[in-house]
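Mind looking over this structure? Questions follow.
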Amino acid sequence: MKKSILILVLSLVLLAASGLDAQAQPKEVTEPATTTFYVTAKVLPLDEGRLYMTYEAIGVTVNDRGEGLFHNATIRSLGGMTVEKGIYKDERGWGVYNLQNGDKVFFTYTWSGEIKAGVGIGKGTVTFAGGTGKCAGIQGSFESTRYSPRSAVEGIGQSYTKANIKYKLP
């Protein structure tokens, strides 16, 4: 009898401990999002068919469901890449989401893609690098696709990205 009670008590302690551990794990959230960008660039020709470009992009992110942490967040990023015969494989950049509650989420990214006749498409990975307020300690990364149609204004780039933003908050 004492052995049965001891086993029952140990089982309950282990069950409670594992339940607390499971509750302590942050939950991953996924937000389907579209981000539009207004882009200004500086271009340095390097050779025939080859150039280096740096840029600043500002925009806004809209959650496709109309809700969520990143819904209506403004965004700013700085990046650069080498383009050779319309192909880029080394784009890198850094940026910040400015959330509606005043918090900021910092990120880095890498991209590769193609530009033909002024129209481009690229794929990249965005990785969260930290945040402020309730987003301090945010973790996550996600894949994104960028579409760059022909711009409406000479000298200004326009693009949009489609992604499922994935993150965990502490």
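Going residue by residue through the range 96-114, is there one that turns out to be of a type outside the set (S, T, N, Q), at negative phi and over 18 Å from the mean Cα position of the chain (by Cα)?
Yes, because at least one residue in the range 96-114 is of a type outside the set (S, T, N, Q), at negative phi and over 18 Å from the mean Cα position of the chain (by Cα).
Still on this structure: Could you tell me whether K116 is at pLDDT below 95 and among the charged types (D, E, K, R)?
Details: at pLDDT below 95: yes; among the charged types (D, E, K, R): yes.
Judged against the criteria, K116 is a match.
A follow-up question, please. For the range 130-153: of the residues being among the charged types (D, E, K, R) and closer than 30 Å to K27 by Cα, which is surrounded by the most Cβ atoms within 10 Å (Cβ to Cβ)?
Among them, the one singled out is R146.
Still on this structure, please answer the following. Exactly one of (1) under 22 Å from P26 (Cβ atoms); (2) in a strand (DSSP E or B) is unmet by G120. Its number?
Only one criterion in (1) under 22 Å from P26 (Cβ atoms); (2) in a strand (DSSP E or B) is unmet by G120, namely (1).
Please specify each residue of the range 75-92 satisfying the condition of being touching a residue at least 24 places away in the same chain (Cβ under 8 Å), farther than 16 Å from T61 by Cα and not in a loop (DSSP other than H, G, I, E, B).
Step one: of the range 75-92, the residues touching a residue at least 24 places away in the same chain (Cβ under 8 Å) are 75, 77-88, 91.
So of that shortlist, the ones also farther than 16 Å from T61 by Cα come out as 78-88, 91.
Once the filter is applied, which keeps residues that are touching a residue at least 24 places away in the same chain (Cβ under 8 Å), farther than 16 Å from T61 by Cα and not in a loop (DSSP other than H, G, I, E, B), the range 75-92 yields L78, G79, G80, M81, T82, V83, E84, I87, Y88, E91.
Moving to a separate point now. Residues being surrounded by 15 or more Cβ atoms within 10 Å (Cβ to Cβ) and charged (D, E, K, R): count how many of those fall in the range 90-113.
The total comes to 3.
Then there is this: Quick check on my filter: what residues within the range 34-64 are over 20 Å from G140 (Cα atoms), charged (D, E, K, R) and either surrounded by 14 or more Cβ atoms within 10 Å (Cβ to Cβ) or in contact (Cβ under 8 Å) with a residue 24 or more places away in the chain (or both)?
Those that are over 20 Å from G140 (Cα atoms), charged (D, E, K, R) and either surrounded by 14 or more Cβ atoms within 10 Å (Cβ to Cβ) or in contact (Cβ under 8 Å) with a residue 24 or more places away in the chain (or both): R50, E56.
From E67, E48, grab the single residue that is out of contact with any strand residue (DSSP E or B) (no Cβ under 8 Å at 6 or more places or on another chain), modelled with pLDDT of 95 or more and under 23 Å from G133 (Cβ atoms).
Values: E48 fails: under 23 Å from G133 (Cβ atoms).
Every option except E67 fails the conditions.
Further question on the same structure: Does G155 satisfy the criteria of being closer than 20 Å to V43 by Cβ and not in a strand (DSSP E or B)?
On the way: closer than 20 Å to V43 by Cβ: yes; not in a strand (DSSP E or B): yes.
In short, yes.
Another one. Determine which member of the set A163, A117, A129 is hydrophobic (A, V, I, L, M, F, W, C), within 12 Å of the chain's Cα centre (by Cα) and over 15 Å from T61 (Cβ atoms). Steps first, answer last, please.
Numbers: A163 fails: over 15 Å from T61 (Cβ atoms); A117 fails: within 12 Å of the chain's Cα centre (by Cα).
None of the others qualify; the one that does is A129.
Tally up the residues in the range 1-33 that are surrounded by 10 or more Cβ atoms within 10 Å (Cβ to Cβ) and at pLDDT 50 or above, please.
Summing the residues that are surrounded by 10 or more Cβ atoms within 10 Å (Cβ to Cβ) and at pLDDT 50 or above in the range 1-33 gives 7.
Still on this structure: Pairs, please: C-beta under 8 Å, at least 6 apart or cross-chain, first residue closer than 13 Å to L69 by Cβ and in the range 121-148, second of a type in the set (V, I, T) and not in a strand (DSSP E or B)?
From the range 121-148, the pairs are F128/I138; G131/I138.
Looking at (1) at pLDDT below 95; (2) at positive phi, find the lone condition where E154 falls short.
Condition not satisfied by E154: (2).
The values are calculated or read from the model by the stated rules, or taken from the named source; none is laboratory data. What you see is a predicted model, and the numbers here were worked out from it, not measured in a lab. Methodologically, a virtual Cβ is constructed for each residue, glycine included, from the backbone with ideal geometry; neighbour enumeration extends over all protein chains shown.
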